[in-house]
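The values are calculated or read from the model by the stated rules, or taken from the named source; none is laboratory data. Values in this document were obtained by computation on a predicted structure and should not be read as measured data. Every residue, glycine as well, gets a Cβ built from its backbone with ideal geometry; the counts of neighbours run over all protein chains shown.
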Amino acid sequence: MTVAIFPGRFDPVTIGHVDIARRAASLFDRLVVAVYELRGGTLFSTEERVALFEEAVQDLPEVTVKSFSGLVVDFAKKEAAHVLVRGIRAVTGFEAEFDMALMNKRMAPEIESVYLMTSLEHLFISGSRIREVASLGYDVTELVPAHVAKALRGKFSDG
Amino acid sequence: MTIALYPDRFDPVTTGHIDIARRAASLFDHLVVAVEDVPSRTLFSTEERVELFAKAVEDLDGVTVKAFSGLVVDYARKESASVLVCGIRAVAGFEAEFGRALMNKRMAPEIESVYLMTSAELAPPLRHAGLERPMGGLSGIGAAKERLRRETS
């Protein structure tokens, strides 16, 4: 029974994240989406970020969404996960990932970091870019799940 | 039953390759190490490269080593593999992998390319480790050939 975790900030979840979650869920028996608890400094609260991702993957029974704090590897151990899944968007993301992977391996050698390549059509979609363009009035409907686009409109609308 | 394919030239297999194979074998039900049978010049013949890798992983359950030619995704389908495993050594290796992954995805969307980071101690370029580090008087390649000759005679 292979349990994998997919950690991230997911502020908010994008169609890129959902795609990675879907693909990871088909590779392993169970997937835990691990939403990093950040107190302040996020657009959506931890609870909101968890709820938004849950709704995005409600059709995937083998996926659960939870929040966590502290070290990713500690949370992985708690969830009896020995795989850590990450999506890689492009070369710019990779150095930090490589660094993180080596540190995680140092802290928990039994946990395997596994990388999935982002689909071509999702390459430019990141949480930070979504937040930025949405805050400036761009309709991100096709870049995030529908309910997330609605939530973003709610955050940035005047009324 | 998830079958993964780990394709490369493996000319010859290095400790980095074995590390990836070991880790991939623990992640998936079965691993096929797919040794590319290429028309261009290799240091070791296809048979030698298969034999060297097979010897290196003989203690591992759930791993087979085979030679193949043609497109990796075609061979993956033939082996009913739904996963392609690749090792990434460092940032420099990544750019080439990225293009390759997208092309494979284009040709075979049902096959997932999965990347494992090489272990830290193996991260410096290892492809020519056998050539650069003498082992007891023989070069690494010489020693590997010698061992192969001894063990298969």
If you take the residues of the stretch B:33-51 that are touching a residue at least 40 places away in the same chain (Cβ under 8 Å) and surrounded by 23 or more Cβ atoms within 10 Å (Cβ to Cβ), which of them is nearest to A:D29 (Cα to Cα)? B:A34
Name the pairs whose Cβ atoms lie under 7 Å apart, with the first residue in the stretch A:90-119 and more than 7 Å from every other protein chain (Cβ to nearest Cβ) and under 20 Å from A:L31 (Cβ atoms), the second polar (S, T, N, Q) and buried (at least 16 other Cβ atoms within 10 Å of the Cβ), and 6 or more positions between them or separate chains? A:N104/A:S113; A:I111/A:N104
Using the structure shown, decide if A:A90 is small (G, A, S) and buried (at least 18 other Cβ atoms within 10 Å of the Cβ). no
From the set of residues in the stretch A:52-97 that are touching a helix residue (DSSP H, G or I) at 6+ places or on another chain (Cβ under 6 Å) and aromatic (F, W, Y), which is modelled with the lowest pLDDT? A:F94
Quick one: is B:V85 at the interface with chain A (Cβ under 10 Å from one of its Cβ atoms), under 17 Å from B:R9 (Cβ atoms), touching a residue at least 24 places away in the same chain (Cβ under 8 Å) and in contact with a strand residue (DSSP E or B) (Cβ under 7 Å, 6 or more places away or on another chain)? yes
So is B:G93 facing chain A (nearest Cβ under 10 Å) and either at pLDDT below 70 or within 30 Å of A:M103 (Cβ to Cβ) (or both) or not? yes
Going through the stretch A:84-101 one residue at a time, which ones are in a strand (DSSP E or B) and of a type outside the set (D, E, K, R)? A:L84, A:V85, A:G87, A:I88
Within the stretch A:102-159, track down each residue that is crowded, with 19+ Cβ neighbours inside 10 Å, among the β-branched types (V, I, T) and in a helix (DSSP H, G or I). A:I130, A:V148
Based on what the data block shows, is A:V73 touching a residue at least 24 places away in the same chain (Cβ under 8 Å) and either away from every other protein chain (no Cβ under 14 Å) or assigned to a loop (DSSP other than H, G, I, E, B) (or both)? yes
Can we say A:A81 is assigned to a loop (DSSP other than H, G, I, E, B), within 14 Å of another protein chain (Cβ to nearest Cβ), more than 14 Å from the chain's Cα centre (by Cα) and among the aliphatic types (A, V, I, L, M)? yes
Specify which of the listed residues (A:R23, A:R49, A:R30) is surrounded by 17 or more Cβ atoms within 10 Å (Cβ to Cβ), over 22 Å from B:V85 (Cα atoms), among the charged types (D, E, K, R) and at pLDDT 95 or above. A:R49
Among (1) buried (at least 18 other Cβ atoms within 10 Å of the Cβ); (2) of a type in the set (D, E); (3) within 14 Å of chain A (Cβ to nearest Cβ), where does B:D19 come up short? (1)
Taking the stretch B:1-16 and keeping residues in contact with a Leu (Cβ under 8 Å, 6 or more places away or on another chain), on the phi < 0 side of the Ramachandran plot and of a type outside the set (S, T, Y) leaves B:I3, B:A4, B:L5, B:P7, B:D11, B:P12, B:V13, B:G16
